[in-house]
Amino acid sequence: MTIANTPSATTAATAGDTEGVQIAAITAGRSRRLPGWFLILWRNGKCRIGLLLLAAFVLVALCAPVIAPFAPRTDTFALSEGPTAAHWLGTTARGEDVFSQLVHGARTSLIVGVVAGTLSTLIAVAVGLTAGYLQGVVDEVLSFFINLGLVVPVLPLMITLAAYAPVKGLGLIIIVITITGWAFGARVKRAQIVTLRTRDYVTAAKFAGDSTARIIVYEIAPNMISLIVVDFMGSALGAIGAEAGLAFLGLGDPSTTSWGTMLNQASMGGAMTTGQWAWLIAPGLVLALLVTSFSLINFGVDALSNPHLRED
């Protein structure tokens, strides 16, 4: 008996094809509603994992007062207690809840990363694009400051600024990281704009009478978006690591709850000797995960500028 030619089989096949077309149309409609750059990022497997990780950290930072069972500085609990049902990661040597500090520390790291990364990127873009496009005396002066920023030892400068500044606080840490973190990005952008300033569309804009600022902002900068985004990711990564390093060395604001201050307090409080591994490992682990998320997102950002790296 031949079943494929019966009316019921034909109807089922037609219905299946119609359903497949409808699903494809719905998928295409959703894709059209999403920005093209986001689709490129999302289709990259590594970048997708990084985006989900970063989204989780952002959600934790935004909802920290709701997620954390206690205030980060509440010190009314038993001292140096191990993990329990009431305190999932134990308590510190001062009687503070480690899990609550871990949750609130995500907010500090993200604020430092975003603010310091943005400021460093803006300075690098302004200095690098101006030096590369104008050249001449302006280029020589700006290149001198770029080279000065590159040859000055960053870590000793950061430690000196943070140690001897009259005012402590998160704002100081952001300023210190911004001052020491813009030079490399400016150098890269200057080299890139030197190759772009002779392109036909730039020449056409000059003949059209566009000002220098307009040419840099509207003609050249859009063609360097992927490079600028990569620079921002690197600057944010460096800022997060620098804040944690300075806080671990005891140069941060002791009144600010961050993963770096947690590591410092765990070291000073003898977490190793008392067997409080959760207090010592947890901040380092989440810090590594946050850095990993930024690194994975970079794979997708590279795909924006290089079509050969894109995944279907």
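The values are calculated or read from the model by the stated rules, or taken from the named source; none is laboratory data. None of the values given here were measured: they were computed from a predicted structure. Note that each Cβ is placed from the backbone with ideal geometry, even for glycine, and that neighbours are counted across all protein chains shown. These area figures cover heavy atoms from the full protein model, side chains too; ligands, DNA and RNA do not enter into them. Shrake-Rupley method; radii C 1.70, N 1.55, O 1.52, S 1.80 Å.
Of the candidates Leu79, Leu119, Leu102, the single residue that is within 30 Å of Gly185 (Cα to Cα) and hydrophobic (A, V, I, L, M, F, W, C) is Leu119.
In the stretch 151-180, the residues that are without any contact (Cβ under 8 Å) to a residue 24 or more places away in the chain form Cβ pairs under 7 Å with partners that are part of a helix (DSSP H, G or I) and surrounded by 13 or more Cβ atoms within 10 Å (Cβ to Cβ), at six or more places apart or across chains, as follows: Leu157/Thr180; Leu161/Val176; Ala165/Leu172. Taking Val127 as the residue in question, decide whether it is touching a helix residue (DSSP H, G or I) at 6+ places or on another chain (Cβ under 9 Å) and over 30 Å from Pro254 (Cβ atoms). Answer is yes for this residue.
Close contacts from the stretch 294-312, counting a first residue that is on the phi < 0 side of the Ramachandran plot and of a type in the set (A, V, I, L, M) and a second that is surrounded by fewer than 20 Cβ atoms within 10 Å (Cβ to Cβ) and at pLDDT below 80, with Cβ to Cβ under 7 Å and a gap of 6+ residues or different chains, come to Val301/Ser226; Ala303/Ile40; Ala303/Leu309; Ala303/Arg310; Leu304/Trp37; Leu304/Ile40; Leu304/Ser226; Leu309/Asp302.
Matching residues to (1) under 23 Å from the mean Cα position of the chain (by Cα); (2) over 15 Å from Gly238 (Cα atoms); (3) among the hydrophobic types (A, V, I, L, M, F, W, C):
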| residue | (1), (2), (3) |
| --- | --- |
| Arg107 | yes, yes, no |
| Ile111 | yes, no, yes |
| Leu119 | yes, no, yes |
| Val127 | yes, yes, yes |
| Leu142 | no, yes, yes |
| Ile146 | no, yes, yes |
| Val152 | no, yes, yes |
| Pro166 | no, yes, no |
| Ile177 | yes, no, yes |
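Of the listed requirements (1) without any contact (Cβ under 8 Å) to a residue 24 or more places away in the chain; (2) under 21 Å from Val60 (Cβ atoms); (3) of a type in the set (Gly, Ala, Ser), Ser267 misses just one: (2). Could you check, for the stretch 109-124, whether at least one of its residues is modelled with pLDDT under 90, surrounded by 17 or more Cβ atoms within 10 Å (Cβ to Cβ), part of a helix (DSSP H, G or I) and of a type in the set (Ser, Thr, Tyr)? Taking every residue of the stretch 109-124 in turn, at least one turns out to be modelled with pLDDT under 90, surrounded by 17 or more Cβ atoms within 10 Å (Cβ to Cβ), part of a helix (DSSP H, G or I) and of a type in the set (Ser, Thr, Tyr).
Looking at the stretch 248-256, can you tell me whether even one residue there is touching a residue at least 24 places away in the same chain (Cβ under 8 Å), assigned to a helix (DSSP H, G or I) and either among the aliphatic types (A, V, I, L, M) or open to solvent by less than 30 Å² (accessible area, probe 1.4 Å) (or both)? Within the stretch 248-256, none of the residues are touching a residue at least 24 places away in the same chain (Cβ under 8 Å), assigned to a helix (DSSP H, G or I) and either among the aliphatic types (A, V, I, L, M) or open to solvent by less than 30 Å² (accessible area, probe 1.4 Å) (or both).
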